[in-house]
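Notes follow the structure.
The values are calculated or read from the model by the stated rules, or taken from the named source; none is laboratory data. As the structure is a computational prediction, the values presented were derived from the model and not from experiment. Positions of Cβ are generated from backbone atoms using ideal geometry, with glycine treated the same way; all protein chains shown enter the neighbour counts.
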């Protein structure tokens with residue numbers, strides 16, 4: 001929102017105190033206490049298990065299921081996400097999803113609640129130091145009808161306090177040290193989860209490759225993906241927010257994607273939404289072309305003609321791939337198993353051809369001596 005509107009917003013002193021004290025307790029307090037009493041294996045195990053439970057509840061739950069509806073899942077899974085998501089102390093599903101949908105709709109504008117255009121630290125954490133404008137959750141009517149979401153809306157603070165801090169304290173008591181349980185499984189886990197989650201809003205809008213869309217600030221950042229259960233492939237996500245994946249390559253670190261696929265295998269998830277390979281490649285090509293437009297314009301006539309020819313060939317191959325992919329979908333729906341597999345192979349071959357053509361065009365430009 002603009003500066004005039006911002007001046008009317010009040011500081012959220014509860015958040016300011018909370019996000020100031022928790023890092024002090026979680027980092028300094030845990031370090032000093034552990035140095036005094038010693039380190040034991042169960043402390044790290046408690047931290048990692050609760051970090052994973054709360055983390056995937058935010059990424060696969062709050063984000064990909066509730067905010068984007070990129071798949072369907074059973075009430076049991078939703079309840080798991082609602083319960084352990086509250087451990088993350090990132091407000092309720094309704095609040096989180098409403099703000100995130102606004103972020104996607106208004107990305108990089110003044111109305112983006114954590115817009116990177118207002119600076120790295122604003123996007124990272126400072127936006128939380130102000131009370132959010134009241135919007136009545138008008139953009140999440142689907143979630144307001146969800147009984148589990150409604151239940152969590154009433155109880156998320158109690159779950160965060162009694163569960164997020166009470167459970168690790170109780171587990172620590174079972175091992176003879178409730179304070180260590182509270183520090184490692186409560187405060188340290190929470191601080192690390194907060195900062196890594198905030199990296200998606202800040203670092204993944206600052207450093208990395210704008211692989212799929214050069215018109216927004218979102219970037220693919222493998223390091224952010226590593227610490228956020230796959231959320232760092234942010235250029236792809238902003239280009240295709242309805243896809244249940246963030247890392248689309250098999251080797252890209254995206255545990256949330258693997259969890260969702262595992263849930264489908266067990267029957268607890270269904271209707272996983274994913275973008276077709278031709279659409280992905282088309283977005284990649286369009287983003288790449290935006291980076292070389294000026295280079296094409298300043299190239300020699302011969303080079304320009306050859307580059308444009310290869311790009312045109314790539315686009316033609318993409319169009320053929322689109323047509324074949326549609327044909328394969330129709331054949332698969334009709335139960336023509338032999339035909340649809342062959343058609344899909346043909347579509348993938350056309351896709352590879354398109355990729356080779358546009359990459360060779362970009363390589364020609366980058367290697368031209370007068371453009372270096």
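Under the condition of being crowded, with 20+ Cβ neighbours inside 10 Å and within 17 Å of residue 360 (Cα to Cα), which residue from the stretch 306-325 is modelled with the lowest pLDDT?
Applying the filter and picking the extreme gives 307.
Across the stretch 210-240, what is the number of residues that are touching a residue at least 60 places away in the same chain (Cβ under 8 Å), at negative phi and surrounded by 17 or more Cβ atoms within 10 Å (Cβ to Cβ)?
10
Checking the conditions here, which among 347, 323 is in a helix (DSSP H, G or I), in the same structural domain as residue 287 (by TED's automatic domain parsing) and in contact (Cβ under 8 Å) with a residue 60 or more places away in the chain?
None of the other options fit; the residue is 347.
Given the conditions (1) assigned to a helix (DSSP H, G or I); (2) within 18 Å of the chain's Cα centre (by Cα); (3) surrounded by 17 or more Cβ atoms within 10 Å (Cβ to Cβ); (4) modelled with pLDDT of 95 or more, report the number of the one that residue 280 does not fulfil.
(4)
To keep it simple, each residue is scored yes or no on (1) more than 30 Å from residue 28 (Cα to Cα); (2) in contact (Cβ under 8 Å) with a residue 24 or more places away in the chain.
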{"site": "116", "(1), (2)": "no, yes"}
{"site": "137", "(1), (2)": "yes, yes"}
{"site": "145", "(1), (2)": "yes, no"}
{"site": "149", "(1), (2)": "yes, yes"}
{"site": "159", "(1), (2)": "no, yes"}
{"site": "163", "(1), (2)": "no, yes"}
{"site": "166", "(1), (2)": "no, no"}
{"site": "173", "(1), (2)": "no, no"}
{"site": "177", "(1), (2)": "no, yes"}
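Among all residue pairs at least 6 apart or on different chains, which show Cβ distances below 6 Å where the first residue, located in the stretch 3-32, is under 25 Å from residue 157 (Cβ atoms) and not assigned by TED's automatic domain parsing to the domain that holds residue 189 and the second is at pLDDT 90 or above and surrounded by fewer than 12 Cβ atoms within 10 Å (Cβ to Cβ)?
Going by the 6 Å Cβ cut-off, there are no qualifying pairs.
Could you count how many residues in the stretch 247-266 are without any contact (Cβ under 8 Å) to a residue 60 or more places away in the chain and either closer than 23 Å to residue 195 by Cβ or over 13 Å from the mean Cα position of the chain (by Cα) (or both)?
13
For residue 158, are the conditions met, namely being surrounded by fewer than 21 Cβ atoms within 10 Å (Cβ to Cβ), on the phi < 0 side of the Ramachandran plot, touching a helix residue (DSSP H, G or I) at 6+ places or on another chain (Cβ under 7 Å) and not in a loop (DSSP other than H, G, I, E, B)? Show your work before the answer.
On the way: surrounded by fewer than 21 Cβ atoms within 10 Å (Cβ to Cβ): yes; on the phi < 0 side of the Ramachandran plot: yes; touching a helix residue (DSSP H, G or I) at 6+ places or on another chain (Cβ under 7 Å): no; not in a loop (DSSP other than H, G, I, E, B): yes.
In short, no.
Can we say residue 340 is over 30 Å from residue 304 (Cβ atoms), part of a helix (DSSP H, G or I) and out of contact with any strand residue (DSSP E or B) (no Cβ under 8 Å at 6 or more places or on another chain)?
Here the answer is yes, as residue 340 does meet what is asked.
Take the conditions closer than 25 Å to residue 268 by Cα, crowded, with 19+ Cβ neighbours inside 10 Å and either without any contact (Cβ under 8 Å) to a residue 12 or more places away in the chain or in the same structural domain as residue 158 (by TED's automatic domain parsing) (or both) and apply them to residue 47. Does it pass? I'd like the intermediate steps shown before the answer.
Working: closer than 25 Å to residue 268 by Cα: no; crowded, with 19+ Cβ neighbours inside 10 Å: yes; either without any contact (Cβ under 8 Å) to a residue 12 or more places away in the chain or in the same structural domain as residue 158 (by TED's automatic domain parsing) (or both): yes.
The answer is no for residue 47.
Which of the residues belonging to the stretch 1-32 are surrounded by 14 or more Cβ atoms within 10 Å (Cβ to Cβ) and modelled with pLDDT of 75 or more?
Selection gives 12, 15, 16, 18, 19, 22, 23, 25, 26, 27, 29, 30.
From the list 285, 303, 268, which one is modelled with pLDDT of 90 or more and touching a helix residue (DSSP H, G or I) at 6+ places or on another chain (Cβ under 7 Å)?
268
Can you pull out every residue in the stretch 241-266 that is surrounded by 22 or more Cβ atoms within 10 Å (Cβ to Cβ) and more than 22 Å from residue 74 (Cα to Cα)?
247
Assess whether residue 333 counts as being buried (at least 16 other Cβ atoms within 10 Å of the Cβ) and out of contact with any helix residue (DSSP H, G or I) (no Cβ under 6 Å at 6 or more places or on another chain).
no
Which one of 70, 97 is in the same structural domain as residue 198 (by TED's automatic domain parsing), assigned to a helix (DSSP H, G or I), closer than 22 Å to residue 239 by Cα and modelled with pLDDT of 95 or more?
97
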